[in-house]
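In what follows, a structure is listed as structure tokens, so that the remarks can point back to it.
The values are calculated or read from the model by the stated rules, or taken from the named source; none is laboratory data. Since the model is a prediction, treat every value here as computed from it, not as a measurement. Every residue, glycine as well, gets a Cβ built from its backbone with ideal geometry; the counts of neighbours run over all protein chains shown.
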Amino acid sequence: MLSPDYDPRNRSICRKVLVCLAMLATLGAAGCQCGGSSCGSACGSKTQLHFYAPPGAMVEIQALGANSSRQILPPGAFGDRLERTPEEACVFNLSPGCYEFKYVAAEGVPGASIYGELHVRHANSSMARVFQRRSAIPIALPSEYYRRIEARGDELVPYRGEGYRTAIDEQDIVRVKAGDVVEKVFVVADLEKADKLLRKTEVEIAAAEREIEYAEARFREAYYDFRTDVSDSSANFWGTDRKFIRWEKKRQRAQQNLDKLIALRQRTQSLIKADHVMIREGMLVLATQEVVRPYRDVVEASEDIGEVLLVMRIGGRHMQWGEPPGELAAYEP
């Protein structure tokens with residue numbers, strides 16, 4: 001028997017809800033079927049990492065209790081990072097989150113396991129989503145392998161001069177041995193924002209130079225008056241004999257502001273100079289002192305130029321997980 005409160009429209013509403021749920025379930029089943037931390041092809045919701053150096057090292061990533069290992073193979077005949085076959089690349093597709101990773105058989109530290117962490121960030125902007133969907137983040141791990149690399153100009157992806165990279169990365173492994181932390185941040189730079197910032201900075205530099213010129217003139221005038229006012233009781237009372245000190249402070253502050261603007265212009269120019277396409281919105285950048293402000297939180301400083309996709313930290317803390325004997329057995333120098 002039907003309830004007195006029964007309304008036939010409720011059955012129609014329930015049927016519509018069930019149909020919507022069934023459609024959502026179908027869409028979910030038709031979505032990404034990667035499963036795990038790596039898959040054979042790129043997944044739009046995941047960030048792809050491509051470890052390309054040092055050759056021979058074994059990379060293992062730990063996620064949700066499951067480990068996945070790959071070996072970095074020597075460069076192919078073409079010496080590029082283009083995709084050949086899945087077996088030839090040390091590639092991982094990772095969802096946003098934090099992961100532990102380690103690598104062994106790094107040149108200069110034979111038999112040692114070097115541990116670190118990967119913080120994969122969400123891609124929020126359109127330019128970051130495009131990069132995440134169509135490209136991979138190339139990662140070179142610290143090793144003494146770089147001592148044998150001949151500098152041949154600048155790298156394009158990510159932005160970092162090859163000579164500079166070779167000079168700094170051969171010291172990274174020394175810092176790790178000493179117990180320090182090596183931190184590398186990969187960011188998709190907003191080139192439109194950088195171009196606007198550069199033009200604005202040029203105007204501010206011109207104004208700052210005139211401020212310094214004005215402050216210097218007022219300082220000289222006040223300093224000449226100081227010679228006569230220092231013995232004048234009235235000038236002593238009103239403080240006009242100390243005007244040159246105030247103008248010196250203003251001149252120094254103006255000079256510091258000018259130095260800050262010049263450094264900002266140099267970093268922005270370095271960022272834009274690395275772009276050889278000129279028509280795109282974003283570009284992958286490795287945060288260095290060339291493009292971000294030094295002595296700050298590197299992630300925060302990187303967010304000033306674009307959207308951070310990956311933060312990699314390698315440290316000297318003692319850890320042990322995985323199967324190092326098996327990894328070393330697979331290593332073929």
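Which count do you get for residues in region 185-221 that are among the charged types (D, E, K, R) and within 23 Å of Met278 (Cα to Cα)?
So the answer is 8.
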| task | Tell me, please, whether a residue that is modelled with pLDDT under 85, surrounded by fewer than 16 Cβ atoms within 10 Å (Cβ to Cβ) and over 22 Å from Val291 (Cα atoms) can be found in region 205-221. | result | yes
| note | The number of residues in region 256-271 that are crowded, with 16+ Cβ neighbours inside 10 Å and over 22 Å from the mean Cα position of the chain (by Cα) is 3
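Mind telling me which of the residues Ile245, Ile279 ends up being free of Cβ contacts under 8 Å to residues at least 24 places away in the same chain, farther than 30 Å from Val182 by Cα and outside any helix (DSSP H, G or I)?
Of the residues listed, the single one that is free of Cβ contacts under 8 Å to residues at least 24 places away in the same chain, farther than 30 Å from Val182 by Cα and outside any helix (DSSP H, G or I) is Ile279.
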| said: Of everything in region 127-157, what is surrounded by fewer than 17 Cβ atoms within 10 Å (Cβ to Cβ), touching a helix residue (DSSP H, G or I) at 6+ places or on another chain (Cβ under 9 Å) and among the β-branched types (Val, Ile, Thr)? Give them in sequence order. | reply: Ile149
